[in-house]
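Okay, structure first, notes after.
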Amino acid sequence: MSEDMEKMDKWAPLKADAEEREKLWSKSLSFGQDVWYRFSHKPTALLGLILLVLLVLFCVVGPQMVSHSYETQNLDFVNMPPSFKAYEVDGRYIYLTPSLKLIEVAPDGTLMKPLARLEDDGMKKRMTFDMGDGTEIILNYKTKPPRLENAQKEPYTVFKSFRNKTYPLGTDNLGRDMLIRLMMGMRISMLIALIAAFVNLVIGILYGGISAYAGGMTDTIMMRIVDVVSTIPLTLYVILLQVMMGSNGGILSIVIALGTVYWVNMARVVRGEILSLKEQEFVYAARTLGSSTWRILTTHLIPNAMGPIIVTVTMLIPSAIFIEAFMSFIGLGVMAPMASLGTMCNDALSTLRSSPYQLFLPSLAICLVMFAFNFVGDGLRDALDPKLRK
Amino acid sequence: MTRYILKRLLFMLLALFVIATLTFFLMHAIPGGPFTSDRALPPAVEAALNKKYNLDQPLLLQYLDYMKGLLRLDLGPSFKYEGMTVNEFIAGGFPISARLGGLTILFSLIVALPLGIIAALKNGKWQDMFTMFIATIGVTIPSFVIASLLMYVFSLKLGWLPTFGLDSWKGYILPVVALGGYTLSYLARLMRSSLLEVMGQDYIRTARAKGLSELKVVVRHALRNALIPLITVLGPTIASLLTGSFVIEKIFAVPGLGQHFVNSISNRDYTTIMGVTIFYAAILIAMTFIVDIFYCLVDPRIKLD
């Protein structure tokens, strides 16, 4: 074909049959297909979407697969790390915790039970433990780091690394399973994201829509209210509302606090969109045909304003999650025994030196959630409104 | 211009009034007085305390009293700390917070501007990717997470920097970096996109056509105009810095205003919560106002209405 083309006179009119002509046309895409095309051709957006799906699966399906409950405390196994080294003592494995307890570990990594302490000689800094079969072993904490010895003061030196089979991600300082708490914490983040988005969508669209559509004095008054609300530092007000409602309200009060304060941007965006849309011809056409106001709003105005609205929502979700984590962190969020990623970070600070994994895990979880939502949000923004691309 | 400024000032006052009113009634909507919360006091003591702080008056009278106090810039006494006024709290804590905030802004600008400029000039190359990668991380990771991780690595593991306090210059490093992470990333992103936009303008082509060196084109013509959007966001940025510092001050035990605020929340020290909220709000509103005025002075194309 291409050789034929080269032989031909380049300036002769191209002869193409009907079928070939068709090929010049690209496939026509509907709006949804177009958005999906742009979204799926952005690697970070796809990555975010996959991450989001995985995280949702993790926190929705995950808890069914974990045998522990998020609130059960097991004070025998406090601050157990996800992986550790245990001494080999006569064919059995003993883990020495940083708080000077001895815990027997099965060869596959399952935690069995703490050894009974027979006596604690504070003067010599030695503790004696019973192996359960009459033999005694001695924990010498005069040395740094502390070490295990047998009755003849010979230290045990053989170690074996284990992955914690009972608690794959370890336990916190009250002996609660980190894995299930992470799942529950992430659930709260997702729930907050969902509800905050929904509440803001409803209030924002109603408020902005009414303001724009009514126009005149109503519009002026409504927008002045928005102006005043938007000069208020929102974080402060979420905190104040939370103090007022009392922290025992838990998630509900956070959602109310976020919902009452964070709709302002949405209202502005909706109003701006509808103001520009309502002067367009298709709206006049609809009005001439006798459509009701409600119908014009719901079938013509709001669907056409959906792009910027969704963009605003996706921007709002990470900030809602952040506010929840932030408030839980300063002690205003969900209350124990419920777990939130923010409270978990806060709890971990006191044991940061000995059990850093208690901070790392929830931190990582927060970062993953934030990354997922940010990437998806950025992708949606570019896909829905290519003009906004940065 | 004068008309605009007057209008804005009036609006600021209105906003402050709404904020003060809202804060007052929110705080008083909490069931139980500030003294009924933890230990049960003898009724006589409670009555005396209520009388001392005027809590036995009708709410409206208390409100009028509080507003009168506000006019004289008096935020009232602290409920939990005997003999301390909220004003004293603010006078003690705010300079520390302001110093921390100021240093953070300085640090963020010093890092963000070159990063953003390099990213824009090397658009699409690895320097750009790298900068944007750092910036994305900075925007997504909450400051308290950055702060705790920094503290773990540099204070606990390496022992280079103190875990708390601002006694020496070393104490400032971690709080400033943790607090500046978000601001820095945000400013760098903004700098990049704004410079990219300016570089595509006609006057840049003109400058190049005149035979100016690339350095001169960037510094004289592009940067000046690209900085304008940065000035606009500086107001809200300072706002987010101040509110963000609650957590940073708590983690690093910095005795600033944010620390007081968080403590007064857990102590349910209502007057202090109210006072600090109003004070912060006033500062933030004033900041946005100043930035807006400044913005118009810098760019004569912007007309105020």
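The values are calculated or read from the model by the stated rules, or taken from the named source; none is laboratory data. Source: prediction; values computed, not measured. Because the Cβ atoms are built from the backbone with ideal geometry, glycine has one as well, and the counts that use them run over all protein chains shown. With ligands, DNA and RNA removed, areas are computed over all heavy atoms of the protein, side chains included. Shrake-Rupley method; radii C 1.70, N 1.55, O 1.52, S 1.80 Å.
The table that follows gives values for the structure above.
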| read-out | value |
| --- | --- |
| Residue tally, condition hydrophobic (A, V, I, L, M, F, W, C), within 12 Å of chain B (Cβ to nearest Cβ) and within 17 Å of A:V334 (Cα to Cα), over the stretch A:188-244 | 6 |
| Lone qualifier among A:T298, A:T312, A:T351 - being β-branched (V, I, T), more than 24 Å from A:V261 (Cβ to Cβ) and away from every other protein chain (no Cβ under 14 Å) | A:T298 |
| Those residues of the stretch B:66-107 which are assigned to a loop (DSSP other than H, G, I, E, B) and open to solvent by less than 40 Å² (accessible area, probe 1.4 Å), in sequence order | B:L75, B:G76, B:S78, B:F79 |
| Matching residues, the stretch A:60-86, being surrounded by 13 or more Cβ atoms within 10 Å (Cβ to Cβ) and under 20 Å from the mean Cα position of the chain (by Cα) | A:V60, A:G62, A:P63, A:V66, A:Y70 |
| Elements of type helices (runs of 4 or more DSSP H) in the stretch B:133-226, at least 1 residues being away from every other protein chain (no Cβ under 14 Å) and open to solvent by 50 Å² or more (accessible area, probe 1.4 Å) | B:169-199, B:202-209 |
| Residue list for the stretch B:114-132, restricted to those being open to solvent by 50 Å² or more (accessible area, probe 1.4 Å) and within 25 Å of the chain's Cα centre (by Cα) | B:P114 |
| Pick from the stretch A:324-343, criterion open to solvent by 10 Å² or more (accessible area, probe 1.4 Å) and touching a Gly at 6+ places or on another chain (Cβ under 9 Å), ranking: farthest from B:V262 (Cα to Cα) | A:M338 |
| Residue within the stretch A:370-384 that is under 30 Å from B:R268 (Cα atoms) and within 12 Å of chain B (Cβ to nearest Cβ) present | no |
| Test result for A:D378, more than 26 Å from B:F164 (Cα to Cα), touching a helix residue (DSSP H, G or I) at 6+ places or on another chain (Cβ under 9 Å) and of a type in the set (D, E, K, R) | yes |
| B:L257 vs. criteria surrounded by fewer than 22 Cβ atoms within 10 Å (Cβ to Cβ), of a type in the set (A, V, I, L, M, F, W, C) and out of contact with any strand residue (DSSP E or B) (no Cβ under 7 Å at 6 or more places or on another chain) | no |
| Single residue of the stretch B:121-162 satisfying the filter (among the small types (G, A, S) and without any contact (Cβ under 8 Å) to a residue 60 or more places away in the chain) that is farthest from A:M344 (Cα to Cα) | B:G124 |
| Residues of the stretch A:161-209 that turn out to be surrounded by 23 or more Cβ atoms within 10 Å (Cβ to Cβ) and without any contact (Cβ under 8 Å) to a residue 60 or more places away in the chain, as a count | 0 |
| Selection from the stretch B:174-206 of residues that are farther than 17 Å from B:M132 by Cβ and within 18 Å of the chain's Cα centre (by Cα) | B:L174, B:P175, B:V176, B:V177, B:A178, B:L179, B:G180 |
| Residues located in the stretch B:1-45, provided they are basic (K, R), modelled with pLDDT of 70 or more and more than 23 Å from the chain's Cα centre (by Cα) | B:R3, B:K7 |
| Verdict on A:S276 being out of contact with any Cys (no Cβ under 9 Å at 6 or more places or on another chain), more than 28 Å from A:I225 (Cβ to Cβ) and either away from chain B (no Cβ under 14 Å) or surrounded by fewer than 16 Cβ atoms within 10 Å (Cβ to Cβ) (or both) | no |
| The stretch B:275-284 - residue that is open to solvent by less than 10 Å² (accessible area, probe 1.4 Å) and among the β-branched types (V, I, T) and, of those, farthest from B:L13 (Cα to Cα) | B:V276 |
| Residue in the stretch A:227-244 that is at pLDDT 80 or above and part of a helix (DSSP H, G or I) present | no |
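Yes/no matrix, rows are residues, columns are (1) open to solvent by 50 Å² or more (accessible area, probe 1.4 Å); (2) in contact with a Ser or Thr (Cβ under 6 Å, 6 or more places away or on another chain); (3) within 10 Å of chain A (Cβ to nearest Cβ):
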| position | (1), (2), (3) |
| --- | --- |
| B:T237 | no, yes, no |
| B:L242 | no, no, yes |
| B:K250 | yes, no, yes |
| B:N267 | yes, no, no |
| B:Y270 | no, no, yes |
| B:I273 | no, yes, yes |
| B:A286 | no, no, no |
| B:C296 | no, no, no |
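A quick yes/no check of all residues on (1) farther than 25 Å from A:I195 by Cβ; (2) free of Cβ contacts under 8 Å to residues at least 12 places away in the same chain:
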residue	(1), (2)
A:L316	no, no
A:A348	yes, no
A:F360	yes, yes
A:A372	no, no
A:D378	no, no
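For (1) open to solvent by less than 30 Å² (accessible area, probe 1.4 Å); (2) closer than 29 Å to A:E279 by Cβ; (3) out of contact with any Gly (no Cβ under 6 Å at 6 or more places or on another chain), each residue gets a yes or a no:
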{"site": "A:G215", "(1), (2), (3)": "yes, yes, yes"}
{"site": "A:S230", "(1), (2), (3)": "no, yes, yes"}
{"site": "A:P233", "(1), (2), (3)": "yes, no, yes"}
{"site": "A:I239", "(1), (2), (3)": "yes, no, yes"}
